[in-house]
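Trainee: Dumping the structure here so I can ask a few things about it.
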Amino acid sequence: MAVLLDDGIDAGLVWHHGNPVAEGRAIANGLGVADLGNRDVVEVRGPDRLTWLHALTTQHLESLAPAVATTALVLAPTGHIEHVLHGVDDGESFLAWTEPGRGAALVEWLDRMRFMSRVEVRLRGDLRMAWFGHKIAVPEGWTVRDSEIGGSDVFVPVDAVLPGDESSAVPVGVWAYEAARIAAGVPRIFVDTDHRTIPNEIGLLGTHLEKGCYRGQETVARVHTLGRPPRRLVQLHLDGSLSSLPDGGAPLMLDGRAVGFVGSSARHHELGPIALGLVKRNVPVDAQLLADDIPAAQEALVDPDVGLHVRPVLR
């Protein structure tokens, strides 16, 4: 029996179908199917769509081939992340998903940037998002992009029925899906980040350092050239003897002082309780932290000195 989440950003989605451990194993085996229907879906059409998005975002898009997954960020002039598009182009339109409740503001901002470009931007209320394990066949006609956690993000007609047990697919809830994402070290923008986050702090997600001329580029390039972003993304391995998980946004403490914050957390079927967090760059990578009073060991996902090892060539 499906159990729904009643709070948080994913409220209303299925939390689990009765056995989150089995669902986690199904994801690991490529057989899971998760309904992520709360994501907002945005479409950009028109002959100028890729060159236009190339100019506006962090991603190199003007020569994007059809069916190649990409993630593009819209930055503030200060380099802070304002919008994200997890997208794919089919040769005629660029289809992307963004986090719940963020689509309308993204469409509004993009629409203001059209000027003379031959593009059309709209929310696709007739589509919803799902995630398919790599062994699950996608019905013909559904748009697919490779997912950052493996498997596929699938743009599904809003009233379509997802594959079920009759096709070897195992319905999984967001408990198991989020645990797999956290275990893969993939942050959700606006869930594992805050209004001050710059791409360098989370591993330059979706940012091509060889691409210049986008809003916020100066900050990204300067931090990369000088190295040492102010904060860094970490995976947290939480004390499994405790029954609770830290709240999102809870401070990460070291020696009685706050050195960062917790993003998302979940119980993984093999790793146990895990979370993602942002910590200050100068926090020792081997320091044990407290997350909502829960002991947490760090696993570095971003090098504290990132940028010192490779120099960008911006053009």
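Trainee: Set Lys and Arg Cβ to +1 and Asp and Glu Cβ to -1, take the dipole of segment 121-263 about its Cα centre, and tell me which of V174, Q235, H195 lies farthest positive.
Mentor: Selected residue: H195.
Trainee: Moving to a separate point now. Positive end of the charge dipole of the chain (Lys, Arg +1 and Asp, Glu -1 on Cβ, about the Cα centre): tell me which of V223, V68, I9 has its Cα farthest that way.
Mentor: Comparing the listed Cα positions along the dipole, V223 ranks first.
Trainee: Let me ask another. Grab the Cα-Cα distance for S117 and A104, subtract it from 0.36 nm times how many residues apart they are, and report the gain in nm with one decimal. It would help to have the intermediate numbers written out before the result.
Mentor: Values: separation 13, 0.36 × 13 = 4.68 nm, distance 2.01 nm.
Gain on extension, S117 to A104, equals 2.7 nm.
Trainee: Using R₀ = 51 Å, calculate the FRET efficiency as 1/(1 + (r/R₀)^6) where r is the Cβ-Cβ separation of S244 and D48; round to 0.05.
Mentor: Values: r = 51 Å, r/R0 = 1.00.
Rounded to the nearest 0.05, the efficiency is 0.50.
Trainee: Most fluctuating residue of E120, E178, E201 in a GNM of the chain with Cα springs under 10 Å: which is it?
Mentor: E120
Trainee: A follow-up question, please. For the charge dipole of the chain, defined by +1 on Lys and Arg C-beta atoms and -1 on Asp and Glu C-beta atoms about the Cα centroid, which residue among V121, V138, Q59 has the Cα displaced farthest towards the positive pole?
Mentor: Projecting each Cα onto the dipole axis, the largest value belongs to Q59.
Trainee: To continue, here is another question. What's the center-to-center distance, using Cα atoms, between segment 126-183 and segment 1-41 in Å?
Mentor: 10 Å
Trainee: Taking a ≥ b ≥ c as the square roots of the eigenvalues of the Cα gyration tensor of the chain, is the shape rounded (a/c under 1.5), prolate (a/b larger than b/c) or oblate?
Mentor: oblate
Trainee: Still on this structure, please answer the following. Treating the beta-carbon of each Lys and Arg as +1 and of each Asp and Glu as -1, no other charges, what is the dipole magnitude of the chain about its Cα centre, to the nearest 20 debye? Spell out each step's value before the answer.
Mentor: Values: 28 positive and 41 negative charges, 231 e Å.
So the magnitude is around 1100 debye.
Trainee: Only Lys, Arg, Asp and Glu count, each charged at its Cβ (+1, +1, -1, -1), so figure out the dipole size of segment 37-120 about its Cα centre, rounded to 20 debye.
Mentor: It comes to approximately 120 debye.
Trainee: With θ set to phi - 60° and the Karplus curve 6.51 cos²θ - 1.76 cosθ + 1.60, what are the ³J(HN,Hα) couplings of segment 11-16 in order, to the nearest whole Hz, using x for Gly and Pro?
Mentor: Each residue of segment 11-16 in turn: 3, x, 7, 6, 6, 7 Hz.
Trainee: Residues with beta-carbon under 12 Å from that of P229, excluding P229: net charge, scoring Lys, Arg +1 and Asp, Glu -1?
Mentor: Result for the local shell: +4.
Trainee: Helix-only estimate, please: 222 nm mean residue ellipticity of the chain, summing -39500 (n - 2.57) across DSSP H runs of length 4 or more and dividing by its residues, to the nearest 500. Could the numbers behind the result be given before it?
Mentor: Working: 5 runs with 47 residues, N = 315.
Here the helix-only value at 222 nm equals -4500 deg cm²/dmol.
Trainee: Let me ask something else. Could you derive backbone 3J(HN,Hα) for segment 266-281 from the dihedral phi with the Karplus parameters 6.51, -1.76 and 1.60 (θ = phi - 60°), listing whole Hz in sequence and x where the residue is Gly or Pro?
Mentor: 6, 9, 8, 5, 10, 7, x, x, 9, 7, 10, x, 10, 10, 4, 4
Trainee: Could I have the simple spin-label model distance between A297 and E62, label points 7 Å from Cα toward Cβ, reported in nm to one decimal?
Mentor: Taking the two extended label points, one gets 4.8 nm.
Trainee: For segment 207-297, what is the charge dipole size about the Cα centre, in debye to the nearest 20, if Lys and Arg each add +1 at the Cβ and Asp and Glu each add -1 at the Cβ? Walk me through the numbers on the way to the answer.
Mentor: Details: 10 positive and 9 negative charges, 114 e Å.
For segment 207-297, the charge dipole is close to 540 debye.
Coordinate-derived values only; no laboratory data. This structure is a prediction, so every number in the text was calculated from the model and none was measured. Positions of Cβ are generated from backbone atoms using ideal geometry, with glycine treated the same way; all protein chains shown enter the neighbour counts.
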